[in-house]
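The structure appears right after this line, and notes come after that.
All of the numbers you see were taken from the coordinates with simple rules; none came from a lab. Just so you know, these numbers come straight off a predicted model, no measurement behind them. Reconstructed Cβ throughout: ideal geometry from the backbone, glycine too, with neighbour counts over all protein chains shown.
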Amino acid sequence: MTNKRDSKELISKGYRMLMHPGDIVWWVPIKEVKQGEFLKLSLDANEVWTRQEYDREAKRYSIHSEDDISKSRLIKGTRKVFIGFTY
């Protein structure tokens, strides 16, 4: 499965596009990632996460691991993550 985003939209916002073997990967803040979209916390990470809802009480975004349904994290909206890879 491949994450597809509008390249013009991401370029206009000034986000970095990185070349990774076989993929073009975007490095963007988590607050710009759409809910339900796959992401990685580092470029070479094996673990894939899914962005979930914004927690207003914690003021952070919830992400859930695709490998372990009971694993989740809360991260700040300014944390940069990688999207656009082939999963």
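A simple spin-label model places pseudo-atoms 7 Å from Cα toward Cβ; at residue 71 and residue 50 they are separated by 1.5 nm.
Cα gyration tensor of the stretch 42-84, axes a ≥ b ≥ c as square roots of the eigenvalues: rounded (a/c below 1.5), prolate (a/b > b/c) or oblate? The shape class here is oblate.
Note on residue 60 and residue 35: their simple-model spin labels are 1.9 nm apart, each label 7 Å out from Cα toward Cβ.
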